[in-house]
1. With the structure loaded, tell me whether Leu58 is under 20 Å from Gln17 (Cα atoms) and more than 16 Å from ligand 3 (Cβ to nearest atom) or whether it fails that test.
2. Could you grab me the full set of residues in region 164-196 that are assigned to a strand (DSSP E or B) and either within 16 Å of ligand 3 (Cβ to nearest atom) or open to solvent by less than 20 Å² (accessible area, probe 1.4 Å) (or both)?
3. Quick check on region 90-103: of everything there that is out of contact with any strand residue (DSSP E or B) (no Cβ under 7 Å at 6 or more places or on another chain) and within 14 Å of ligand 1 (Cβ to nearest atom), which residue is nearest to Glu141 (Cα to Cα)?
4. Looking only at region 204-246, count how many residues are open to solvent by 30 Å² or more (accessible area, probe 1.4 Å) and either within 18 Å of Val265 (Cα to Cα) or among the hydrophobic types (A, V, I, L, M, F, W, C) (or both).
5. Going by what's in this entry, would Gln97 be described as more than 16 Å from ligand 2 (Cβ to nearest atom) and among the polar types (S, T, N, Q)?
6. Looking at Val267, is it at pLDDT below 95 and at negative phi?
7. Kindly establish whether Val14 is in a strand (DSSP E or B) and either open to solvent by 60 Å² or more (accessible area, probe 1.4 Å) or under 21 Å from Leu147 (Cβ atoms) (or both).
8. Which one of these is assigned to a strand (DSSP E or B) and either closer than 22 Å to Gly179 by Cα or away from ligand 2 (no atom under 16 Å from the Cβ) (or both): Glu67, Glu142, Glu156?
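The values are calculated or read from the model by the stated rules, or taken from the named source; none is laboratory data. Small disclaimer: the values here were computed from a predicted structure and weren't measured. Methodologically, a virtual Cβ is constructed for each residue, glycine included, from the backbone with ideal geometry; neighbour enumeration extends over all protein chains shown. Keep in mind that these areas ignore ligands, DNA and RNA; they rest on the heavy atoms of the full protein, side chains included. Shrake-Rupley method; radii C 1.70, N 1.55, O 1.52, S 1.80 Å.
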Amino acid sequence: MKALVYRRPGKRQVEDQPRPQIASVTDAIVRVTTTTICGTDLHILKGDVPEVTDGRILGHEGVGIIEDLGSAVTTFAKGDKVLISCITACGTCDFCQRGMRSHCRSGGWLLGHTIDGTQAEYVRIPHASTSLYKLPAGVNEEAAVLLSDIFPTGFECGVLNGRVKPGDVVAIVGAGPIGLAALITAQFYSPSRIMMIDRDLNRLDCARRLGATDVFDASRENLVEEIMALTAHEGADVVIEAVGTRATFEMCQALVAPGGTIANVGVHGTPVELKLERLWAHNITMTTGLVDTVTTPLLLKFLASGRLRADALITHRFGLSECVSAYETFSDAIHQRALKVILRNDVSAPA
Ligand code: NAD
Ligand code: ZN
Ligand code: ZN
């Protein structure tokens with residue numbers, strides 16, 4: 001089968017690889033019909049994720065059809081169309097029972113990380129009963145693939161950790177796919193204002209179309225003062241960090257209102273400065289988190305009812321065999337005006 005294989009930092013290519021087989025009674029083999037590329041895949045290619053070793057098939061997002069099942073998987077049947085979660089979880093260990101699926105004792109982020117992933121014609125899914133979700137009838141599968149990772153991440157680590165309430169002023173720093181997923185799902189709670197901050201003007205236009213009340217070019221001088229003036233010098237009740245840099249984390253600390261919450265979603269490669277000397281007296285809550293994907297069933301319900309326009313983030317489509325071009329487009333997002341790139345399996349189903 002064809003698959004996108006990581007070789008070493010900067011090097012990935014489409015290769016012929018053996019088709020995965022059932023290795024445990026709790027596995028499923030899924031024929032991937034749609035997958036996509038995540039910002040994290042770009043971090044892997046830079047060599048920032050050393051656990052990913054030579055020969056690994058990348059990808060942790062996907063929709064596909066169940067091709068084969070281990071004997072212990074009783075909740076799915078061959079031929080079912082399923083959403084693959086970016087988090088593999090056994091459902092029974094102590095962490096899973098506390099809802100911390102990302103810390104599952106025999107799971108967590110495995111796909112395209114420590115085991116072969118979804119940017120391939122077929123993928124092996126461990127703990128299939130609790131790591132796959134049946135796709136509701138009529139759901140657009142390109143939209144659904146965005147529920148593998150970015151929507152649960154923006155919703156859980158941004159909106160839910162940030163405890164967005166009706167009437168809140170929300171500021172989201174970073175209008176990439178995750179920041180935009182937070183923007184869309186924050187609207188479930190009717191905040192009075194959602195401000196988006198980025199330096200990519202195309203993404204800010206997109207944010208405005210998707211419901212941001214105010215957008216700000218991050219490269220503008222006096223940005224913090226401008227936002228403070230707009231909020232009567234109080235700041236934002238909820239600030240969501242969706243970039244992962246020292247500068248953006250500092251901006252979040254400057255923007256948060258007394259009694260507010262900073263919900264950090266961005267992955268930080270280097271230490272950041274925590275301004276506790278200011279924050280303590282402002283009763284600020286700060287949250288961090290790796291996505292647990294516990295809200296996937298809820299998000300699927302919104303998708304099925306047409307109230308979650310996940311497909312609004314799709315900008316490009318490629319065949320799986322054009323995976324390398326898709327990576328080039330995605331990694332030059334600012335010039336290519338790229339948000340999410342869809343990869344369709346262009347190899348026809350077996351007869
Ligand atoms: P992305 O790189 O597509 O988007 C980041 C955005 O930040 C871009 O639009 C960029 O223009 C903007 N940006 C960069 N510097 C900026 C600055 N100084 N001021 C304002 N904006 C700036 O990434 P994404 O896919 O949207 O992911 C966002 C973050 O979330 C990443 O750090 C990613 O690794 C992280 N992430 C976290 C989890 C989790 O479980 N916590 C899961 C997935 C991804
Ligand atoms: Zn991801
Ligand atoms: Zn578990």
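1. When the stated conditions are applied, Leu58 passes them.
2. Val170, Ala171, Ile172, Val173, Ile194, Met195, Met196
3. Checked region 90-103; the qualifying residue nearest to Glu141 (Cα to Cα) is Arg101.
4. Final tally of qualifying residues: 12.
5. Yes, satisfied.
6. It is true that Val267 is at pLDDT below 95 and at negative phi.
7. no
8. Glu67
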